[in-house]
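**Q** Handing you a structure now.
The values are calculated or read from the model by the stated rules, or taken from the named source; none is laboratory data. Predicted model, so just to flag it, every value in this text is computed and none were measured. Cβ placement follows ideal geometry from the backbone for every residue including glycine, while neighbour counts extend to all protein chains displayed.
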Amino acid sequence: MEKAIFECGKQSVKIPVPVYIAASASVVGTKESEGPLSSLFDVQGQDDLFGCNTWEEAESTLQKEAVTLALGKAKLNNEDIRYLFAGDLLGQAMATSFGLSSFKIPLFGLFGACSTCGESLSLGAMSVAGGYARHVVCVTSSHFASAEKEFRFPLEYGGQRPPYATWTVTGSGAFVLSGEKKRAVRAMITGITTGRIVDYGIKDNFNMGCTMAPAAAEVIHQHFEDFSRSPDDYDKIITGDLGSVGQIALLDILKEKGYDIAGKHMDCGIEIYDSQKQNTGAGGSGCGCSATVLSAYVLKKLEEGVWSRVLFVPTGALLSKTSFNEGMSVPGIAHAVVIEKAND
């Protein structure tokens, strides 16, 4: 049997057989529903507790709703899905465990911090392309209040946030990947570049943008090398969660490496909020940031033919409250996924 996927360069994989994003769904909270992309999200919560008793339960509900919606759009049942690739920001991935248990689908629980959407899409695409599954679902989530409680202080503490901090998105994005094209699909995944851990020694747990920017620069640079491509080969290069401060750092680092992506770059954390009007600091972050923007905005542009090929690069700060309290730095990681307009 001929191999369906093969290695490309040092850190990449080409996917020569179609892996389609058959359907997707986005569910967001109240602040996100007041932002510039409001009308594009599938579900906009009127209460960030989503009818639950705790923030953690609310985040589980986000995942459950997103997966249910995505399956409905794809016209698939739970039994049609071979694997779930899912993760969140909470300890022991509890939002995922409690949110997805009722689906009774085999689960790969993931943690890549805010890069988890890219990690899940990468692993899901390889599974489908390699013939290990016909259909898989990739889903991630985050919640502002549960993340603050996990990594900083509960909201009741009333802690102050510096202006360069990013705001954790309350939201979840789910994607059905399939090797079959029985009906209209949203886009297709044609390649991936898996990131390495990059640590510049930053110890500020609010400055997530600058923590993640070096990892994003490393994986984008390696992607260009592995695929023998340049920024000109993409309509957009889309990072996940850098915000306005991290964006500056990313552009500067890549310029030093010989790549100017300023005209091509877009950051989901910048797009999802109006930082001036909504008081969200440098922009958005969290697992739900890149996932919801990909589902609601990026895939729409590909479907409409506005863009033909994008490089989607969710970025993650590997922040642990234990290591942070022990004085250690915050490493970063990013994963790149090539997403193209589906063939007619």
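**Q** Is it the case that G201 is in a loop (DSSP other than H, G, I, E, B) and more than 16 Å from the chain's Cα centre (by Cα)?
**A** yes
**Q** OK, next. Identify the residue in region 205-230 that is assigned to a loop (DSSP other than H, G, I, E, B) and of a type in the set (G, A, S) and, among all such residues, is nearest to P163 (Cα to Cα).
**A** That would be S230.
**Q** Here's something else I'd like to know. Test G269 against the criterion of being touching a helix residue (DSSP H, G or I) at 6+ places or on another chain (Cβ under 6 Å) and at positive phi, and give yes or no.
**A** no
**Q** Can you say whether I261 is modelled with pLDDT of 95 or more, out of contact with any His (no Cβ under 8 Å at 6 or more places or on another chain) and not in a helix (DSSP H, G or I), as far as the supplied structure shows?
**A** It is true that I261 is modelled with pLDDT of 95 or more, out of contact with any His (no Cβ under 8 Å at 6 or more places or on another chain) and not in a helix (DSSP H, G or I).
**Q** On the basis of being in contact (Cβ under 8 Å) with a residue 60 or more places away in the chain, buried (at least 24 other Cβ atoms within 10 Å of the Cβ) and assigned to a loop (DSSP other than H, G, I, E, B), does T280 make the cut?
**A** yes
**Q** While we're here: Conditions first: (1) under 18 Å from C289 (Cβ atoms); (2) crowded, with 21+ Cβ neighbours inside 10 Å. A22 passes all but one, so which condition is the exception?
**A** Going through (1) under 18 Å from C289 (Cβ atoms); (2) crowded, with 21+ Cβ neighbours inside 10 Å one by one, A22 breaks only (1).
**Q** Just to check your reading of the model, which residue among S308, S295, S329, S323 is under 23 Å from A125 (Cα atoms), of a type in the set (G, A, S) and more than 12 Å from the chain's Cα centre (by Cα)?
**A** S308
**Q** Now for a different question. It is to be established whether one or more residues within region 75-90 are part of a helix (DSSP H, G or I) and modelled with pLDDT under 95.
**A** Looking through region 75-90, none of the residues is part of a helix (DSSP H, G or I) and modelled with pLDDT under 95.
**Q** Still on this structure, please answer the following. Tell me which of these F50 doesn't satisfy, since it passes every other one: (1) at pLDDT 95 or above; (2) crowded, with 20+ Cβ neighbours inside 10 Å.
**A** Only one criterion is unmet by F50, namely (1).
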